Amino acid sequence: MSSGRWMMAAGLIFLVASAPTASGTPLYKVTDLGSDYRPVAMNDSGQVVGVSSQSPGLPPYGYGPWVAGVYRDGRWSQVPSPAPTTSAVFAGMPIYSSPIGITRAGDVVFSESWTWKDGPLTRDRVEYRTTASNSEGWQIGVATDYHWSNLNGGQNEQRSILLSPASARTGSVDSDDVASAGGLAGDPAKWAYNRWRGVTTAAALNDHLEVAGTSQPWPGDPSHAYLRDRTGKSVDLGTLGGSYSSSAGLNNLGEVVGTAETANGTLHAFVYRDGKMIDLAPDSIGYSIASAINDAGVIVGRAEDEEGNFGALFRDGTALRLDQLVDASSGWLITSAITINQAGWILAEGEKDGVDSYLLLTPLDETPVPEPSVLIVLGVGGLVVSRRLRNGFNGQAARRIAD
């Protein structure tokens, strides 16, 4: 290990050794982003893309039109949205694009929607819609196959898809532009009795085009989290002893986070790392959900205790309250963490004086955030540091945080 990396690790240990309780020195500065826009994604420069809260029916539950905005240089600015497409399945209903990501360069990525017809002799149609993107503008989404027989009470197949930046907004997307984003196949013997082959939803996409998602192979089967790796193979990530799991986030090391059912039926946050699903909050009295992980291995989400929901930073079996890592005099109650970027900036939701708002948490210290090899326990009585030192500090994650 280089001397520079030893210095960074030493600085990190000092930072966490002096980490605060509610009355100590804060680790994060809180910036109020307001509630005019609901944040959707954030790039590594801290630029945030969001959807106006005044839009009718916020995605993914509404149909738009949506108003998009970008937060940069301390303020929100509205950005133009693409023209809507037309649904061939639902009587020509317009389908509006919504912002789903922001690239490393700061360009807003909008959802894509289009319809294919299987052929001139069939009434089956396939509706496509992208839902998330990576830092280079690649998109993932779902393809819903509306079988004619299933429109009369049957079920429809839903598959995950991958779309390249070059194919987006061309107006002539065809089958050669779309790749599978993986999924769990289930029992092939059942396919002979019905065309429906399950529901697969892609949740996150990294810069290596690996995909994390959730797949139900067959009606009645439990949904499981999966990872489509660099070889194109989809791996069932399993559960924490129960029957259900779901993916939410993915980093460039192929580590997946989400939530999974335990043997006693409680949903706990997990990280899938080195071929194993690990419970991030085994002693939690309530549910917990991991929403995002960066390349440094820092995991955020939300959890539940006696007082209710709280925004969480997960570390070595403990869900740390984010509102105890900020200045207590700020008055913020942080209820959920949405995502984290490679610089360690956290998008969150919070409440102050009875008013809900969106927040940006930025590290106050210039020490880089830890990687998975440095596991730290903040608790009464001490500090435990173990080091796995695999893969080293990621270049972006290890850079100094700008003021």
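The values are calculated or read from the model by the stated rules, or taken from the named source; none is laboratory data. The model shown is predicted, which means the values in this text are computed figures rather than measured ones. In this analysis, Cβ positions are derived from the backbone assuming ideal geometry, glycine residues included, and neighbour counts consider all displayed protein chains.
Taking the criterion of being hydroxyl-bearing (S, T, Y) and either at pLDDT below 65 or assigned to a strand (DSSP E or B) (or both), the residues of the range 128-149 that qualify are Y128, T130, T131, S133, T144, Y146, S149.
If you check A281, A292, A269 for being outside any strand (DSSP E or B) and within 21 Å of H224 (Cα to Cα), only one passes: A281. Taking the range 218-244 as the range and being outside any loop (DSSP other than H, G, I, E, B) and among the aliphatic types (A, V, I, L, M) as the test, the residues that pass are A225, L227, V235, L240. As a summary of the residue check, R400 satisfies the conditions (1) at pLDDT below 50; (2) within 27 Å of L240 (Cα to Cα) except for the one numbered (2). The residues of the range 1-54 that are β-branched (V, I, T) and modelled with pLDDT of 65 or more, listed by number, are T25, V30, T31, V40, V48, V49, V51. Residue count for the range 324-347, restricted to those that are within 17 Å of P363 (Cβ to Cβ) and without any contact (Cβ under 8 Å) to a residue 40 or more places away in the chain: 1.
Can you find a residue in the range 342-351 that is touching a strand residue (DSSP E or B) at 6+ places or on another chain (Cβ under 7 Å), among the hydrophobic types (A, V, I, L, M, F, W, C) and closer than 19 Å to A212 by Cβ? Looking for residues that are touching a strand residue (DSSP E or B) at 6+ places or on another chain (Cβ under 7 Å), among the hydrophobic types (A, V, I, L, M, F, W, C) and closer than 19 Å to A212 by Cβ, one finds at least one in the range 342-351, hence yes. Is one or more of the residues making up the range 312-334 farther than 23 Å from D44 by Cα, modelled with pLDDT under 50 and touching a helix residue (DSSP H, G or I) at 6+ places or on another chain (Cβ under 8 Å)? Within the range 312-334, none of the residues are farther than 23 Å from D44 by Cα, modelled with pLDDT under 50 and touching a helix residue (DSSP H, G or I) at 6+ places or on another chain (Cβ under 8 Å). Looking only at the range 105-127, residues that are at pLDDT 60 or above and more than 22 Å from P80 (Cα to Cα) come to 3 in all.
Per the listing V355, V377, the residue uniquely surrounded by fewer than 20 Cβ atoms within 10 Å (Cβ to Cβ) and modelled with pLDDT of 95 or more is V355. Restricting the first member to the range 176-187 and to residues that are under 17 Å from V235 (Cβ atoms), and the second to residues that are assigned to a loop (DSSP other than H, G, I, E, B) and at pLDDT below 75, the beta-carbon pairs closer than 8 Å and six or more apart or on different chains are G183/G198; L184/G198; A185/R197; G186/R197; G186/G198. When S245 is tested against (1) touching a residue at least 40 places away in the same chain (Cβ under 8 Å); (2) crowded, with 17+ Cβ neighbours inside 10 Å; (3) under 21 Å from the mean Cα position of the chain (by Cα), just one condition goes unmet, and that condition is (1).
Suppose the filter is closer than 18 Å to S246 by Cβ, modelled with pLDDT of 95 or more and either touching a strand residue (DSSP E or B) at 6+ places or on another chain (Cβ under 8 Å) or surrounded by 24 or more Cβ atoms within 10 Å (Cβ to Cβ) (or both); does A281 pass it? So A281 fails the test.
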